[in-house]
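Enquirer: Please read through the structure below; I'll follow up with questions.
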Amino acid sequence: MKIFSFFWTFLFAITMLSAQSVSKTDFGVLESNYKLQIKNNPNNLLALEALGDLYGADGKWQQASELYKQLLKRDSENADYHFKYGGVLGMMAKEGSKFKAFSLINQVKKAFSKAENLDPNHWLVQWAQVEFYAQLPAILGGSFEKAWTHAEHLEQLSQINGFFAKAYISDLQNNAKNSKIYSLKGLSILSKSECYKAEFDPKLSCILHNNNLIYQMGLAFELYTSDLEESINFFVKYIKDYTLKDRIDLDQAHLKLAKIYIKINQLELALQNIDEALKINPDFEKAKLEKKQILIHKQR
């Protein structure tokens, strides 16, 4: 299944637009509420979509796909429905056989393509196709050229997203020079935004973004500026808003944040984040090693 490992995380990362991470108790309450709404009004498309999003955020791919399929039968001209359906199919393929994966890849392509045709200004669909074509093996239709075309389109819709999409492609191509150029362009747009002030605005409400962009911004601040405090702000926000749909696993994000705290000699905060990483993934060897080194340093 190795050749399919390229894009499963991405497929979920760009779906379930309104899904939020909820506790088991909240999940049960929300599920019951949406089901009751649907029972009382089978034509309540908002409740159907919300239930599909809830299942998707909880990893219940089959249930989510069935609901999105129902939505498409009711409204085949809705770009969001095609977009979400394609993403869930990708997650179903991840957990299935190679044969199933091959067949579902084409369905995912069709779903994203249909969504784009219905709404050329749907910026998340453009992001989806940037990642899809950048990571998909060439034998299955992957192409950095196609990915770049979608990044160009994305830049027309949102400069900051477009620049960071190009930085993302450059990273995959191991082009550090271009990655830095486009990351810095993205940060330049951010600094000029009315919603970005000296004191970090955790909402960034006037910038179209997803949580993966927040992570990329944090990484750009760390790598290309001397403002590690700002980098911390973005990584903290990424962790706060994290759901299974995001590209970087939560244990990895906590370790990244811990390493930045180490750079500014905030060892207690570093340890807190490493402990969080190990709570999520007790077998995280890199986190264990980092913790050991911090404890040795503190004993000196």
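Enquirer: Of the residues in the range 76-96, how many are in a helix (DSSP H, G or I) and over 15 Å from Thr243 (Cβ atoms)? Walk me through it before giving the result.
Expert: First pass over the range 76-96, keeping only residues in a helix (DSSP H, G or I): 79-94.
Applying the additional criterion that residues be over 15 Å from Thr243 (Cβ atoms) yields 79-83, 85-86, 89-90, 92-94.
Here the count works out to 12.
Enquirer: Name the single residue that is farthest from Leu89 (Cα to Cα) among those in the range 113-133 being of a type outside the set (S, T, N, Q) and within 15 Å of the chain's Cα centre (by Cα).
Expert: Let us first name the residues in the range 113-133 that are of a type outside the set (S, T, N, Q), namely 114-116, 118-120, 122-125, 127-128, 130-133.
Add one more test, that the residue is within 15 Å of the chain's Cα centre (by Cα), and what stays is 123-125, 127-128, 130-132.
On the way: Trp123: 20, Leu124: 17, Val125: 15, Trp127: 17, Ala128: 14, Val130: 18, Glu131: 16, Phe132: 14 Å.
Residue satisfying both the conditions and the ranking: Trp123.
Enquirer: Here is a follow-up. Give just the number: which of (1) of a type in the set (Gly, Ala, Ser); (2) modelled with pLDDT of 80 or more; (3) closer than 24 Å to Leu250 by Cα does Ser205 not satisfy?
Expert: Failed condition: (2).
Enquirer: Looking at the range 256-300, which of its residues are over 28 Å from the mean Cα position of the chain (by Cα) and assigned to a helix (DSSP H, G or I)?
Expert: Result: Leu267, Glu268, Lys292, Gln293, Ile294, Leu295, Ile296, His297, Lys298, Gln299.
Enquirer: Kindly indicate the residue of the range 31-84 that is in contact with a Leu (Cβ under 6 Å, 6 or more places away or on another chain) and among the hydroxyl-bearing types (Ser, Thr, Tyr) and also surrounded by the fewest Cβ atoms within 10 Å (Cβ to Cβ) among those meeting that condition.
Expert: Tyr34
Enquirer: Which residues, taken from the range 30-82, are in contact (Cβ under 8 Å) with a residue 40 or more places away in the chain and in contact with a His (Cβ under 9 Å, 6 or more places away or on another chain)?
Expert: If the condition is that a residue be in contact (Cβ under 8 Å) with a residue 40 or more places away in the chain and in contact with a His (Cβ under 9 Å, 6 or more places away or on another chain), then Ala79, Asp80 are the ones that fit.
Enquirer: Checking the condition surrounded by 20 or more Cβ atoms within 10 Å (Cβ to Cβ) and over 29 Å from Ser191 (Cα atoms), which residue from Phe221, Phe284, Phe235 passes?
Expert: Working: Phe221 fails: over 29 Å from Ser191 (Cα atoms); Phe235 fails: over 29 Å from Ser191 (Cα atoms).
Answer to the check: Phe284.
Enquirer: So Asn117 clears everything in (1) more than 21 Å from Leu71 (Cβ to Cβ); (2) modelled with pLDDT of 95 or more; (3) not small (Gly, Ala, Ser) except one condition, right? Which one?
Expert: Tallying (1) more than 21 Å from Leu71 (Cβ to Cβ); (2) modelled with pLDDT of 95 or more; (3) not small (Gly, Ala, Ser), Asn117 fails exactly one: (1).
Enquirer: Which one of the conditions (1) among the small types (Gly, Ala, Ser); (2) surrounded by fewer than 23 Cβ atoms within 10 Å (Cβ to Cβ); (3) at pLDDT below 95 does Ala93 fail to meet, given that it meets all the rest?
Expert: For Ala93, the exception is condition (2).
Enquirer: Could you list, in sequence order, all residues of the range 38-75 that are within 17 Å of Leu89 (Cα to Cα) and outside any helix (DSSP H, G or I)?
Expert: Step one: list which residues in the range 38-75 are within 17 Å of Leu89 (Cα to Cα), which gives 49, 51-73.
Within the range 38-75, Asp58, Gly59, Lys60 meet the criteria.
Enquirer: Could you tell me how many of the residues in the range 211-260 are touching a Gly at 6+ places or on another chain (Cβ under 7 Å) and of a type in the set (Ser, Thr, Tyr)?
Expert: Final tally of qualifying residues: 2.
Enquirer: So, one more: So for the range 190-201 (the condition being part of a helix (DSSP H, G or I) and either touching a helix residue (DSSP H, G or I) at 6+ places or on another chain (Cβ under 9 Å) or modelled with pLDDT of 90 or more (or both)), does at least one residue qualify? Please lay out each step first, then the result.
Expert: Looking only at the range 190-201, we keep the residues that are part of a helix (DSSP H, G or I), and these are 190-192.
Next, from what is left, pick out any that are either touching a helix residue (DSSP H, G or I) at 6+ places or on another chain (Cβ under 9 Å) or modelled with pLDDT of 90 or more (or both): 190.
Yes.
Enquirer: If you don't mind, there's one more thing I want to ask. Within the range 125-147, does at least one residue satisfy the condition of being modelled with pLDDT of 95 or more, of a type in the set (Asp, Glu), out of contact with any strand residue (DSSP E or B) (no Cβ under 6 Å at 6 or more places or on another chain) and part of a helix (DSSP H, G or I)?
Expert: yes
Enquirer: From the list Leu289, Leu269, Leu213, Leu257, which one is modelled with pLDDT of 95 or more, of a type in the set (A, V, I, L, M) and either surrounded by fewer than 18 Cβ atoms within 10 Å (Cβ to Cβ) or under 22 Å from Ile181 (Cβ atoms) (or both)?
Expert: Working: Leu289 fails: modelled with pLDDT of 95 or more; Leu213 fails: modelled with pLDDT of 95 or more; Leu257 fails: either surrounded by fewer than 18 Cβ atoms within 10 Å (Cβ to Cβ) or under 22 Å from Ile181 (Cβ atoms) (or both).
None of the other options fit; the residue is Leu269.
Enquirer: Are there any pairs with C-beta distances below 6 angstrom linking a residue in the range 133-146 that is within 14 Å of Lys109 (Cα to Cα) to a residue that is small (Gly, Ala, Ser) and assigned to a helix (DSSP H, G or I), with the two at least 6 apart or on different chains, and if so which?
Expert: That search, which allows pairs on different chains as well, returns Tyr133/Ala147; Ala134/Ala147.
The values are calculated or read from the model by the stated rules, or taken from the named source; none is laboratory data. Since we're looking at a predicted model, the values are computed, not measured. All Cβ positions, even for glycine, are placed from backbone atoms using ideal geometry, and neighbour counts span all protein chains on display.
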